[in-house]
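First up is the structure itself, then whatever we jot down about it.
Where a number appears in this text, it was derived from the coordinates with a stated rule and is not lab data. Nothing here was measured: the structure is a model prediction, and the numbers come from that model. Here the Cβ positions follow ideal geometry from the backbone for every residue, glycine too, while neighbour counts run over all protein chains shown.
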Amino acid sequence: MKTLKNIFVIGLALFFVGCPARSFYPFFTEKNLVFNPGLVGAWADQDKKETYFFQKAEGKNYAVIVCEEKGDTSHYIAQLGQIGKAWFLDSYPSEEQNDFQLVPTHIISKMWLNGDTLTFASLESDYVKKFIESKKINIPYTTQKGDIIFTASTDELQQLVLQLAQDDKAFPNPTKLGRVK
């Protein structure tokens, strides 16, 4: 159960209302990836209940370790890229977080990095589900306990996110972190 909870933690929206939409496939291709050294370091919420450590990993990837005040630690891989004018993170459990009963999925989060402030908001499953049900968007998906899991290709995911990128309801409840000095 702890592993399932941890998969959602970094949704990189980090404990917000609703559940993030997830994908079986990555959000970026190799050509979309960017490495920003300004993201490397420790980031914490205002109450310091959670601290996120972004470290350089292989290639343009980040290793992300999430440490909670109560002692739980989670490990993720994150990738950064720009789609349209917005920046996004694609995060998924690292091998350290792997559980043979779970299929690792990707969580797409919109990201803002402004000096010593890092803000995330994940693509909201319930919001996307309303668009799918109303036939305003057409993208391959499945559901698990009511949550959206995209089965779409990377290109299809990027087209969807480009369509929704400026919609605050698609990326609600941003979490703001400050650089730990």
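Can you check what the net charge comes to around His106, using other residues whose Cβ is under 10 Å from the Cβ of His106 (Lys, Arg +1; Asp, Glu -1)? Don't jump to the answer; show the numbers that get you there.
Numbers: positive: Arg22; negative: Asp90.
Its environment carries a net charge of 0.
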Practice problem: Find me the longest stretch of the chain that has none of the exposed GluC sites (Glu not before Pro), where exposed means in a DSSP loop (not H, G, I, E or B) with at most 14 other Cβ atoms within 10 Å. | Solution: 70-181
Quiz item: Are there trypsin sites (Lys or Arg not before Pro) in the stretch 20-73 that DSSP marks as loop and that have at most 12 other Cβ atoms within 10 Å, and which are they?
Solution: Lys48, Lys49, Lys70
Exercise. Once you've got the GNM for the chain with C-alpha springs shorter than 10 Å, pick whichever of Ile107, Ile139, Ile148 has the biggest mean-square fluctuation.
Key: Ile139
Self-check item: Cα Rg, Dmax (largest Cα-Cα span) when computed across the stretch 2-179, Å
Solution: 15.1, 44
Exercise. Return the single residue from Ala165, Ala86, Ala21 with maximal mean-square fluctuation; model: Gaussian network over the chain, springs between Cα atoms under 10 Å.
Key: Ala86
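Once every DSSP H run of n ≥ 4 in the chain is given -39500 (n - 2.57) and the sum is divided by its residues, what mean residue ellipticity at 222 nm do you get, rounded to the nearest 500 deg cm²/dmol? Each step should come with its number before you reach the end.
Details: 3 runs with 28 residues, N = 181.
Mean residue ellipticity, 222 nm, calculated: -4500 deg cm²/dmol.
When you have a sec, figure out the Kirkwood radius of the stretch 80-181 from all distinct Cα pair distances and drop it here in Å to one decimal?
Values: mean 1/r = 0.0671 Å⁻¹.
About 14.9 Å, per the Kirkwood formula over Cα pairs.
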Quiz item: Considering amide H positions built from the backbone, and no H for Pro or chain starts, which residues 5 or more places from Ile83, or on another chain, come under 5 Å of its amide H?
Solution: Phe88
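Fewest Cβ neighbours within 10 Å first, please rank Trp43, Trp112, Trp87 accordingly. List each step's numbers first, then the result.
Details: Trp43 21, Trp112 13, Trp87 18.
Listed from fewest to most nearby Cβ atoms, that is Trp112, Trp87, Trp43.
To the nearest 20 Debye, how big is the dipole of the chain about its Cα centre, given +1 on the beta carbon of each Lys and Arg and -1 on that of each Asp and Glu?
Numbers: 20 positive and 21 negative charges, 69 e Å.
Its charge dipole is roughly 320 debye.
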